[in-house]
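Report on the structure given below.
Please treat every number below as a calculation from the coordinates, not as lab data. Predicted model only: the values in this text are computed from it and were never measured. Here the Cβ is made from the backbone with ideal geometry for all residues, glycine too, and neighbour counts use every protein chain on show.
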Amino acid sequence: MAITLSDKAATHVANFLTKRGKGLGLRLGVRTSGCSGMAYKLEFVDEVNEDDVIFEAKGVKVIVDAKSMPYLEGMELDFAREGLNEGFKFNNPNVKDQCGCGESFNV
Amino acid sequence: MALFQIAEPGESAAPHEHKLAIGIDLGTTNSLVATVRSGIAVCLADEQGRPLLPSVVRYHADSTTEVGYDAQRQQAVDPKNTIVSVKRFMGRGLRDIAHVESMPYDFIEAPGMVKLKTHAGIKSPVEVSAEVLKSLKARAEHALGGELVGAVITVPAYFDDAQRQATKDAARLAGLNVLRLLNEPTAAAIAYGLDNGAEGVYAVYDLGGGTFDISILKLTKGVFEVMSTGGDSALGGDDFDHRIYCWVIEQAKLQPLSPEDSRRLMMRCREAKEFLSKNPEAPIMLRVDSGEMIEVKLDVATFTNITQTLISKTMQPVKKALRDAGLRADDIKGVVMVGGSTRMPQVQKAVGDFFRQEPLTNLDPDKVVALGAATQANLLAGNKTGKDDWLLLDVIPLSLGLETMGGLTEKVIPRNSTIPTARAQEFTTYKDGQTAMAIHVVQGEREMIADCRSLARFELRGIPAMVAGAARIRVTFQVDADGLLSVSAREQTTGVESSITVKPSYGLSDDEIAGMLKDSMEHAKDDAMARALREAQVEGERMIEATEAALAEDAHLLNETEIARIKATIAKLHATIAGDNRRLINIAMDDLGFETQAFAHRRMDQSIKKVLSGRKVDDIRMGEEE
Amino acid sequence: MDLTADFFSLFELPKTFRLNVSELDSRFRDVQAQVHPDRFAHASESERRMSMQWATRANEAYQTLKKPLERARYLLELAGHDIQAESNTAMPLDFLVEQMEWREAVMEARIGGDHHELERLYLRLRGDMDAHYAAIGELLDDSHDYAQATDQVRRLMFLDKLLHEIDDALASLDD
């Protein structure tokens, strides 16, 4: 599968899911919105939809809707700490340009 | 590059619209800030990875400040300008503060609240607390990478109106939007209850650095209902330090100490206290300025003995809170321990003995309040959470009353009333042609006015001249969800209805806050003006968004004229937001608020009907269950 | 229905003295979940103000309906019968004598530090009061005899005060 999770990202996702106490896995996706056209989705999953693609990466169930797949091909989800801030990072080769903070992007 | 958090299903925020909200535990000894990240409450640490921020502020002569560990290290070097435990002075006059004699500060008595003379000028406890809050705010903004929509600040449940108002003023001064003042034990109950899926009646025993609270809560299906609360807002770990301090002075037969020595010895005493939580004996050693060496050993038995009265002092409010809730110790399903001082074994033993059960200590007593506050802040900011929604029903800790003839108190709102609450009282004139009337509001349980805390004295003026007893003045006391009181008065018989809102005398006016902000900023005026304008614009945009959402959902509650008027007012507000006149924006917002008032009430009515519908009326007519 | 509607209507409950208290509890929570200021913390100032008014009203309604004595007084008030609590306190002599005996017993137990006796008095008084409440239920809900109900309520106000005194006495022994 062309979408991957770094070791750190996988550990953190598994951790968050345990602490949350429910959830099937992690949803990755894109939707149109934001100043540069598209925005990422990063959500817990309680229900799987018909057009979802499900696969496992490093022990974590990853769920992506079929429409988002092409935009996420080759993407790696990483977990990073920057100063006091920490969170997930999308390393996406499909992105041509993005807004200053990277919350919104274009392909 | 942005860092993402995992959202709840379907709740991914649009880019740049994450609602960053924080919870702050503003403690006597230490403070913390926490937030909810990927659905989990976490405390935010500083660059060195330390979650606690000592609530210590040092003022330099050039008006710069040091806050936290840096200031704490300097407290014995520069005791007069290094303020510790400032929470004890919030909303307090000089005569309310215990052990003033062993404190190194230059106190200045000021109306309502004491002030401190430092070499950076005279500082109010509100300003000192604001420095602590600013430091936590900066930490949070740095850690979350954006502007905060708001904060929940915790206060001891037993804080009175003056202490609450002072805390809220400090937060405003620090530039925080206060979503709610939350009682510390209630915050702990949220963190504990949601984590453990608790149901039943719980007691929260919260012994912090300088305050003690006991709250009895009923947890049912996502509702946290405070049944009663009690405490002592001047009793905490500091007092245990002070007992050791006095014991050492007695043992070593010391002469009065210099402020520097005094502070150093107090630090040794605190260390000894902490050491005794895990060890049978603690050495206390200090070389004082005179060259004399203090060297004593304190064992657990002696420590327990000299602090016995402090512990029994906490048990009185516990008994009273149980009585107020109409319960006995056996009715309590679990006792949650909160606050660093509950680490002392003799405290745990006393609580365990009283409730005849092992107290619950599975959450870090230092962090649990901040974590609960962050969880509540996340909910109040409008972020969805994984857990089902919950509802908090808190109470007012002390009765509110009025002075009547002969210096007696007449209770208007009794303690443990669920907030928000209001009560109206009618007054009349006792002299012909009387046009003014004095009203004195107090807080406390005692019968004599002198034994209660005076909150506000104000005079109702402009009463139309009538014969004695003819005027009817209705005074309304409103306590909001923060536990803060406001008073308004209205003369009802004449066509002229005069209405005033009274803010208790110790609170800071908007002008004073603006003045303090100005003092603390360079180019203050421009900054403050720009900030105020931006705030008004954001508020205006939010209001338009909310109104449009309401129209999209519930336009059926309005007729066409009403819809047209609301739309026209929205357009007007839009136009003012595009400009840079803050006053015009505020006026346009008031207009929209006025135009949508009836709509808002109809929507509220509809939502109540909806939630009550579908119930069987047969269920209702059952027997009396008292 | 609006903010000025009576307390029973607010919870959509029938205006009766006999009331399913657990139903009241759950309706109160449901209403409060809709109107509480915590639901409007991020809303505009006017909405926050409105929410405070509603939540205040819901609290007041709940407190009034929850306590049987308050509920009875409120029902009488809705029916246009003023309790005249302050101005008209002339009670029958035998009732007053009985009250005096109660007070003496409480005072004696208090001075003697007799915890057990106070508990006994407390339970006996609660039993007495329950009988009065049962009577009020019939008078208000079945026979609609408001004059008789008013008399019962006034008696209960005395007993309620007495109950508080026993409570205080027990509290003072605890301390």
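The calculated FRET efficiency for the pair A:F55 and B:A532, based on their C-beta separation and a Förster distance of 56 Å, comes to about 0.60.
Relative to the longest principal axis of the Cα atoms of chain B, helix B:237-252 runs at roughly 20 degrees. Past 21 Å, Cα to Cα: identify those pairs from A:K19/B:K367; A:K22/B:K218; A:K22/B:K137; B:K333/C:K67; A:K8/A:K61; B:K221/B:K333, in the order given. Over 21 Å apart, Cα to Cα: A:K22/B:K218; A:K22/B:K137; B:K333/C:K67. The C-alpha atoms of chain B define a longest principal axis, and helix B:125-144 lies at about 80 degrees to it. In a simple Cβ point-charge model (Lys, Arg +1; Asp, Glu -1; nothing else charged), the protein assembly as shown has a dipole of about 1340 debye relative to its Cα centre. Note on B:C246, B:C43, B:C452: ascending count of other Cβ atoms within 10 Å places them as B:C246, B:C43, B:C452, the fewest first. The Cβ shell under 14 Å around B:L584 holds other residues with a net charge of -1, Lys and Arg each +1, Asp and Glu each -1.
For the stretch B:272-321 versus the stretch B:432-491, the inter-centroid distance based on Cα atoms is 46 Å.
Taking Cα centre as origin and charging only the Cβ of basic (Lys, Arg, +1) and acidic (Asp, Glu, -1) residues, the dipole magnitude of the stretch C:93-174 rounds to 140 debye. If R0 is 60 Å, the Cβ-Cβ spacing of B:C246 and B:R490 corresponds to a FRET efficiency of close to 0.65.
Between the alpha-carbon centres of the stretch B:197-222 and the stretch C:42-118 there is a gap of 27 Å.
The charge dipole of chain C, taken about the Cα centre with unit charges on the Cβ atoms of Lys, Arg (+1) and Asp, Glu (-1), comes to about 600 debye, rounded to the nearest 20.
Summed over qualifying helices (DSSP H, 4 residues or more, each -39500 (n - 2.57)) and divided by its residue number, the protein assembly as shown shows a 222 nm mean residue ellipticity of -13000 deg cm²/dmol.
The angle between the Cα long axis of helix B:345-355 and the main principal axis of chain B comes to about 50°, on a 0 to 90 degree scale.
Here the relative contact order of the stretch C:115-172, from alpha carbon pairs under 8 Å that lie six or more residues apart, stands at 48 percent.
Across q = 0.08, 0.10 Å⁻¹, chain B modelled as identical point scatterers on its alpha-carbon atoms has Debye log10 I(q)/I(0) values of -0.66, -1.04, in the order of the q list. With the cut-off at under 18 Å, measuring from each backbone N in the stretch C:16-54 to a point 7 Å along the Cα-to-Cβ line of B:D590 picks out C:44-50. Near B:S290: Cβ cut-off under 15 Å, other residues only, Lys/Arg at +1 and Asp/Glu at -1. The net charge is -2. With R₀ fixed at 25 Å, the C-beta to C-beta distance from C:E119 to B:K333 puts the FRET efficiency at about 0.55. Net charge of the neighbourhood of A:K8, taken over other residues with C-beta under 12 Å away and scored Lys/Arg +1, Asp/Glu -1, is -1.
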